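Take a look at the structure set out below.
The values are calculated or read from the model by the stated rules, or taken from the named source; none is laboratory data. This is a predicted model, so every value here is computed, not measured. Ligands, DNA and RNA are stripped out before the accessible areas are found, and what is left, the full protein with its side chains, is counted by its heavy atoms. Shrake-Rupley method; radii C 1.70, N 1.55, O 1.52, S 1.80 Å.
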Amino acid sequence: MSPFHPSSPALNIVAQPARKPARVVRSLQKGLHTRAIILDAALGLASHMGLEGLSIGALADVTKMSKSGVFAHFGSREELQIAVVMEYHAKFEEEVFFTAIREERGLPRLRALYERWVRRVSEEIDSGCIYISGAVEFDDRPGPVRDALVAMVNAWQAALRKAIEMAVQCGHLQADADVEQISFELHGLILSLHHDARFLRRPGAAGRAGVGFERIVQFYAAAAGRMADARVTAAKVAKAPKVSKTAKASKAPAALNADKPSRVGTAAKRA
């Protein structure tokens, strides 16, 4: 066989890319590890201070790195902000979306998406939701950071609408259910939860968000959906370990714990 034939072993050997030296691989791995550390610190800062609060200098202080070292991984403050948005979205997907889609299609999956969304927002009461705070910061500021935020939020809302559409197709929601309206109402409940729990520090916000979801279900659900929802919920309750009321209260954020009055409420009573 000619060495220039397409199937010649000689050509196969030549066509194989050269392997990178071990020191190059280690260097790349170290760079990715360092970038991940910086990004994690940036996500923490952005959650408390907003995307506009991010700066190369602040990150250098937190990570104990030089400004040039931080700059080398992102290049600019804008690139850093976009990277944070994408990292937040990736974590949101992992905690809310990918765990929920393991549930049965229809109303059980829609419930799982919403409950995990509420849980995520509840856990962010002391830090803040970048989707929500970012919308306030960049609602009237065109540019790449706003574009990244809009793209991530649209991606999540599209996934939510898809879950609602599937619930209609499964016969779990009424055939004439307004998908856009349901999505709008669910998003409105989340915004109210974030506002009342984080800004007003009003107790019971998460519970009200749950009541709101149940009312939406009662309004739009079909008989098959109620049956599937009840069956899946009953199975989860049966499998769940029993947790004492004391343990539940200790785990709840202060703003979500109805047994603990807010500082403002306490001051008002004293006045």
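In the range 36-107, what percent of the accessible surface is made up of carbon and sulfur (1.4 Å probe, ligands and nucleic acids excluded)?
55
How much of the accessible area of the range 124-216, probe 1.4 Å, is carbon plus sulfur, in whole percent?
55
Classify the range 71-178: rounded, prolate or oblate, from the alpha-carbon gyration tensor (a ≥ b ≥ c, eigenvalue square roots; a/c under 1.5 rounded; otherwise prolate if a/b is larger than b/c)?
Since a/c reaches 1.5 and a/b is larger than b/c, the shape of the range 71-178 is classed as prolate.
Along the principal axes of its C-alpha atoms, what lengths does the range 34-127 span, in descending order and rounded to whole Å?
That gives 50, 23, 19 Å along the principal axes, largest extent first.
Please compute the per residue accessible area over the range 41-88 with all protein chains in place, 1.4 Å probe, rounded to a whole number of Å².
45
Strictly greater than 20 Å: what percent of every Cα pair in the range 88-148 meets that?
When all Cα pairs of the range 88-148 are counted, 39 percent exceed 20 Å.
Taking only protein heavy atoms into account and a 1.4 Å probe, give the accessible area per residue of the range 93-243 in Å².
Computed with neighbouring chains in place, this is 53 Å² per residue.
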